[in-house]
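Report on one structure; see the data block that follows.
Derivation of every value follows stated rules applied to the coordinates shown; laboratory data play no part. Note that the coordinates shown come from a computational prediction; the quantities given were computed from them, not determined experimentally. Cβ placement follows ideal geometry from the backbone for every residue including glycine, while neighbour counts extend to all protein chains displayed.
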Amino acid sequence: MSLIDDKVELPTTVPSRPGFRVGPVSLVRRTTMVAITAGLLLAAFLLLCINIGRGDFAISVPTVAEILFGGGTKVERFIVMDLRLPRALTALLTGLALGISGAITQSILRNPLASPDLLGITAGASAAAVALIVLAGGGSFVGLLAVLGIPIAALIGGIATAVIIYALAWRGGVQGYRVVLIGIGFNAMLIAAIQWMLISADINDVARAQVWLNGSLNGSDWAQVWPVAIGVAVVGTIALISSFTLGALRLGDDNARSLGVRLQAGQATLLLAAVALASIATAAVGPIGFVALCAPQLALRLLRTPGPPILASGLVGAVLVVGSDVIARTILPVELPVGIVTSALGGPFLLYLLVRNNRKVSV
Amino acid sequence: MSELTTEHTAPRLAAEALTVGYGDRIIVDGLDLEIPTGVVTTVIGPNGCGKSTLLRSLGRLLKPKSGQVLLDGKAISTLKTKDVARTLGMLPQAPVAPEGLTVADLVARGRHPHQSWIRQWSADDEGEVARALALTGVSELADRPVDQLSGGQRQRAWISMALAQGTDILLLDEPTTYLDLAHSVEVLDLVDRMHEELGRTVVMVLHDLNLAIRYSDRLIVMSEGAVVASGTPSEVISEELLLKVFGLEARVIEDPVSDRPLIVPIGTRHVYGSIGGPVAAADAVGVGSA
């Protein structure tokens with residue numbers, strides 16, 4: 001038997017990986033995956049329209065869509081564009097950021113539990129924000145500090161926590177399970193710190209902190225949307241481009257390095273992007289539980305990919321948060337912070353992942 | 001790449017005063033080595049002698065404490081890792097594929113060093129992957145998840161990935177780990193053909209000495225972090241070496257099916273003349289006829 005037999009033509013195509021090639025761009029044409037991703041995008045948009053339409057002044061979904069694309073009366077435009085769109089967009093962007101963030105952390109640490117909310121990154125952002133609310137006090141806490149102070153504190157808190165966890169987990173390289181264990185430890189410590197601050201603080205500050213801690217979209221306006229939108233757009237793009245190396249990284253450190261991946265640099269870029277996205281989301285609306293954990297696992301089951309698909313995970317995250325907001329605002333008798341709804345849905349999903357035994361959870 | 005390279009040219013991969021270790025422990029100490037081009041070289045040695053450490057350093061997975069690995073005359077640590085990955089491929093020991101990853105997708109990962117985020121599946125990539133799948137006999141398995149294959153098929157899929165990488169030099173760390181003898185032979189046949197028919201330089205680490213002898217052009221024998229012998233299997237393998245390096249009492253006989261030596265370990269049990277062991281054939285006849 002010979003490897004090279006002149007009589008037998010060697011194949012030149014791989015039937016299961018058809019190419020999509022335009023100029024210098026070449027990709028694998030995966031029709032089903034593109035269709036499902038487009039479907040998710042449509043679902044997110046529909047939920048956004050439903051969310052905007054709900055309220056004291058109800059507007060039908062087709063009318064909302066029409067207004068978003070430039071139609072509608074002056075009153076309708078004011079209600080949709082100025083009053084309701086910022087909140088709905090914030091929900092959408094937050095979900096997108098959390099989904100992408102979770103997909104990256106789960107892929108790199110090769111552990112489905114390695115999501116920013118279980119690793120303590122969200123808790124770090126929360127602790128910093130609560131510390132600011134509590135320490136700055138109600139009276140002195142106005143103006144620019146009120147708009148920018150909490151998001152910036154949360155952003156710094158999230159990134160600082162991630163850096164400390166990464167440094168503690170470092171042993172000439174980073175192993176996923178060490179990061180997860182250290183992260184869970186940090187998460188517990190930070191939650192304790194938050195509780196301590198809430199108990200010892202002034203009651204008015206505590207009330208405000210509590211609303212923020214439940215992940216609330218109330219009071220979102222355009223001034224809050226822009227920083228989130230720009231942040232998610234920039235970091236999200238970096239994440240999507242860098243995620244090209246994920247295919248190799250998923251084969252393990254040794255294989256990735258053999259395939260020419262600059263392991264530390266590649267991992268650090270992606271992890272930093274993931275932490276930044278989770279922190280931006282938390283900074284904008286407070287901690288929203290379980291979205292970063294669930295969205296990637298749902299996305300990989302929808303698309304049947306071996307690891308969480310980055311963009312689709314983001315879209316599933318967007319669908320989850322906007323959908324949860326619709327539930328929070330309409331189906332339930334009282335308007336709940338969205339974080340309570342996502343946690344109520346996410347808790348059972350986590351249990352489902354853990355007890356499921358016909359197929360191990362994937363990363 | 002498909003040209004037959006039978007002439008042995010200057011070594012493209014070498015180690016110079018290479019010292020490698022973990023923490024304070026030195027595993028490989030001041031080792032000089034040249035890997036001959038276009039042949040199969042196998043590193044053998046007792047457990048813990050540093051053979052895997054050496055291979056991982058040659059594949060730049062481990063950073064040397066001092067000394068260097070040279071690829072085409074340049075220190076490998078100064079080269080861009082992506083450039084190295086187009087010349088030198090390394091398959092780690094017992095690699096694990098993510099659950100659900102298909103064989104075609106795994107083999108396509110081998111093209112990573114030739115790709116970028118906008119060029120993820122060029123016609124070249126597709127051609128090389130199709131070829132690698134066919135050459136390793138896994139084309140029919142292309143759509144099957146790697147984790148559902150048998151051990152031998154799985155290892156062929158990984159070797160297919162390394163082949164798709166298109167490197168002239170290939171390092172294999174114990175490619176037969178967890179494989180039964182039949183599958184080990186199947187995998188090593190494939191490795192030998194990659195060298196013989198595709199002109200690849202192969203360096204591997206093997207535990208099984210007889211398989212190493214059969215499938216290697218050259219053997220490197222390591223003991224306690226140093227090279228103690230190297231050359232063709234016939235030059236290197238002797239009863240003295242086995243006793244000195246492996247602490248193994250053995251006979252080295254002529255292999256009935258090849259021109260290479262064959263090791264027959266002796267041990268203390270079930271050997272003619274040992275306590276409770278079998279009686280030699282001649283004696284057995286005598287006893288039976290009494």
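Things to note:
- Taking the listed residues B:163, B:171, the one that is in contact with a helix residue (DSSP H, G or I) (Cβ under 6 Å, 6 or more places away or on another chain), touching a residue at least 40 places away in the same chain (Cβ under 8 Å), crowded, with 24+ Cβ neighbours inside 10 Å and not in a helix (DSSP H, G or I) is B:171, with no other qualifying.
- Among the residues of the stretch A:254-275, the ones that are at the interface with chain B (Cβ under 10 Å from one of its Cβ atoms) and either polar (S, T, N, Q) or under 19 Å from residue B:105 (Cβ atoms) (or both) come to 7 in all.
- Qualifying residue in the stretch A:238-245 (condition: of a type in the set (S, T, N, Q), out of contact with any helix residue (DSSP H, G or I) (no Cβ under 8 Å at 6 or more places or on another chain) and either crowded, with 20+ Cβ neighbours inside 10 Å or within 12 Å of chain B (Cβ to nearest Cβ) (or both)): no
- Just one of the numbered conditions (1) of a type in the set (Gly, Ala, Ser); (2) facing chain A (nearest Cβ under 10 Å); (3) more than 17 Å from the chain's Cα centre (by Cα) is not true of residue B:223: (2).
- Answer from B:154, B:131 - the residue that is in a helix (DSSP H, G or I), more than 20 Å from the chain's Cα centre (by Cα) and charged (D, E, K, R): B:131
- Members of the stretch B:105-124 that are under 14 Å from residue A:248 (Cα atoms), of a type outside the set (Phe, Trp, Tyr) and assigned to a loop (DSSP other than H, G, I, E, B): B:110, B:111, B:115, B:116, B:120
- Selection count where residues are at the interface with another protein chain (Cβ under 7 Å from one of its Cβ atoms) and over 21 Å from residue B:190 (Cα atoms), scope the stretch B:117-139: 8
- Enumeration of residues in the stretch B:90-123 that are in contact with a Ser or Thr (Cβ under 9 Å, 6 or more places away or on another chain), free of Cβ contacts under 8 Å to residues at least 40 places away in the same chain and surrounded by fewer than 21 Cβ atoms within 10 Å (Cβ to Cβ): B:117, B:118, B:119, B:120, B:122, B:123
- Residue-level analysis places residue B:108 outside the set of residues that are facing another protein chain (nearest Cβ under 8 Å), of a type in the set (A, V, I, L, M) and over 27 Å from residue B:205 (Cβ atoms).
- Qualifying position, being in contact (Cβ under 8 Å) with a residue 24 or more places away in the chain and either outside any helix (DSSP H, G or I) or more than 21 Å from residue A:121 (Cα to Cα) (or both), among A:300, A:293: A:300
- Put simply, of B:61, B:70 the only residue that is out of contact with any Phe, Trp or Tyr (no Cβ under 6 Å at 6 or more places or on another chain) and more than 8 Å from chain A (Cβ to nearest Cβ) is B:70.
- Out of B:100, B:48, one residue alone is within 13 Å of another protein chain (Cβ to nearest Cβ), farther than 29 Å from residue B:196 by Cβ, in a loop (DSSP other than H, G, I, E, B) and in contact with a strand residue (DSSP E or B) (Cβ under 9 Å, 6 or more places away or on another chain). It is B:100.
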